[in-house]
Amino acid sequence: MRWAVEDGWTLTQRYLAHLARRPARLATVVAFPILMVLIFAYLLGGGMTVPGGGSYREFLMPGMFAMTMAFGLSGTMIAVLDDAAKGVTDRFRSLPMAPSAVLTGRVAADLVNAALALAVLIGCGFAVGWRPHGSLAETVAAFALLLLLRTALVWAGIYLGLLTTDPAMVTLAQTLEFPFGFLSSAFVATATMPAWLGTAAEWNPLSSTVTAARVLFGNPGAAGTSWVSTHSVLMAVGWPLVLLAVFVPLSVRRYRRLGN
């Protein structure tokens, strides 16, 4: 266990060092959500209504936090594909190191990246008028749920990155991130959608995290009548655990079979 932890930490430092040498990549990850916040808060927000009343900007920010976590999936795929294309992954597999370190190091580094992006977006939220109104424990729990979702999606990105060698698959993943994000409660309340579409959006794992974050932050728009909405915190834990139960073993198995 100690060997695996030390090797995992070494590779985490490697991935973070690469990130530090490529600030443009981090800037892109952070700049796009900020741009989306400005567009929805100042250009489109005037036409948005929040069921039950309240500020649309406070309604928006939990959705943007969750969207930032979701958009990390394609970034993970790019990093995994890049290492595989350069032969780095094969080199690691030939070294006397814990096999788990390559995967856990990638997960840890991506979570640090996500935390940095989230911190910048929190500052942007404060600038446009968002505030958490829950207790300190509830606020921390909300951010923990956001990072739990990111963890699950990182493992999904690792598996998809190991599964393919075609960069076009990354483009496909990036394309699918948008409907996955917009077909949720991130930007508009599901109550304003047609019934069938609202039901589909409520069962989107992203919606569970968004609604749970609104509940814990004390932001408007969290109220719902469906089972999945009234149990949003439970579902915000359950969905990522299901994804982890699926993609962690798949990623490990795929990594072990590389080159076979």
key: Surface share of carbon and sulfur [accessible, 1.4 angstrom probe, percent] for the range 170-260   = 70
query = HN-Hα J couplings of the range 198-210 from phi, Karplus 6.51/-1.76/1.60, θ = phi - 60°, integer Hz, Gly and Pro as x?
reply = x, 5, 4, 5, 5, 8, 5, x, 5, 5, 4, 5, 4
Accessible area per residue in Å² at 1.4 Å probe, computed on the chain = 47
task = Mind giving me the nanometre distance, one decimal, between the label points for PHE182 and HIS18, set 7 Å out from Cα along Cα→Cβ?
result = 3.2
task = Calculate, for VAL246 and THR192, the FRET efficiency according to 1/(1 + (r/R0)^6) with r their C-beta to C-beta distance and R0 41 Å; round to the nearest 0.05.
result = 0.80
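How far, in nm, would the chain grow between ARG257 and VAL112 when pulled straight, counting 0.36 nm per residue and subtracting the alpha carbon separation? Before the final figure, lay out the partial values.
Values: separation 145, 0.36 × 145 = 52.20 nm, distance 2.80 nm.
So the chain would gain 49.4 nm between ARG257 and VAL112.
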remark   = Amide H contacts under 5 Å for GLY134, restricted to residues at least 5 apart in sequence or on another chain and with H modeled in the peptide plane, are GLY218
key: Derived scalar couplings ³J(HN,Hα) [the range 242-254; Karplus, 6.51 cos²θ - 1.76 cosθ + 1.60; whole Hz; x for Gly, Pro]   = 5, 4, 5, 4, 8, 8, 5, x, 5, 5, 4, 5, 5
note = In vacuo Debye sum over C-alpha of the range 147-201, base-10 log of normalised intensity I(q)/I(0) at q = 0.21, 0.27 Å⁻¹, listed in q order, is -0.86, -1.03
query = When Lys and Arg each count +1 and Asp and Glu each count -1, what net charge do the other residues less than 14 Å away from ARG150, Cβ to Cβ, add up to?
reply = -1
message = How large is the translational diffusion coefficient of the chain in µm² per second when you combine the Kirkwood radius over alpha carbon pairs with Stokes-Einstein at 25 °C and 0.890 mPa s?
response = 129
request  = Mind checking the full-extension length gain between VAL140 and LEU35? Use 0.36 nm per residue of separation minus the Cα-Cα distance, one decimal, nm.
outcome  = 35.3 nm
Rounded Å value of the spacing that divides the Cα centres of the range 125-195 and the range 18-95 = 8
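Report the extension gain between THR175 and THR199 in nm, rounded to one decimal, defined as 0.36 nm multiplied by the number of residues separating them, less their alpha carbon distance.
Contour length minus Cα-Cα distance gives 6.4 nm.
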request  = Round to the nearest 0.05 the FRET efficiency obtained for ILE122 and ASP90 when R0 = 35 Å and r is the Cβ-Cβ distance.
outcome  = 0.35
task = Give the longest segment of the chain that steers clear of trypsin sites (Lys or Arg not before Pro) in DSSP loops with at most 12 neighbouring Cβ atoms within 10 Å, not counting the sites themselves.
result = 87-256
message = Explain nothing, just compute: Karplus ³J(HN,Hα) = 6.51 cos²θ - 1.76 cosθ + 1.60, θ = phi - 60°, for every residue of the range 90-97 in order, whole Hz, x for Gly and Pro.
response = 5, 5, 4, 5, 8, 8, x, 9
note = Distance in nm between ASP82 and THR165 label points, each 7 Å along Cα→Cβ, equals 2.0
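The values are calculated or read from the model by the stated rules, or taken from the named source; none is laboratory data. Keep in mind it's a predicted model, so treat the numbers as computed, not measured. Using ideal geometry, Cβ is built from the backbone for each residue, glycine included, and neighbour counts are taken over all protein chains shown. What goes into the accessible areas is simple: the full protein's heavy atoms, side chains included, and nothing from ligands, DNA or RNA. Shrake-Rupley method; radii C 1.70, N 1.55, O 1.52, S 1.80 Å.
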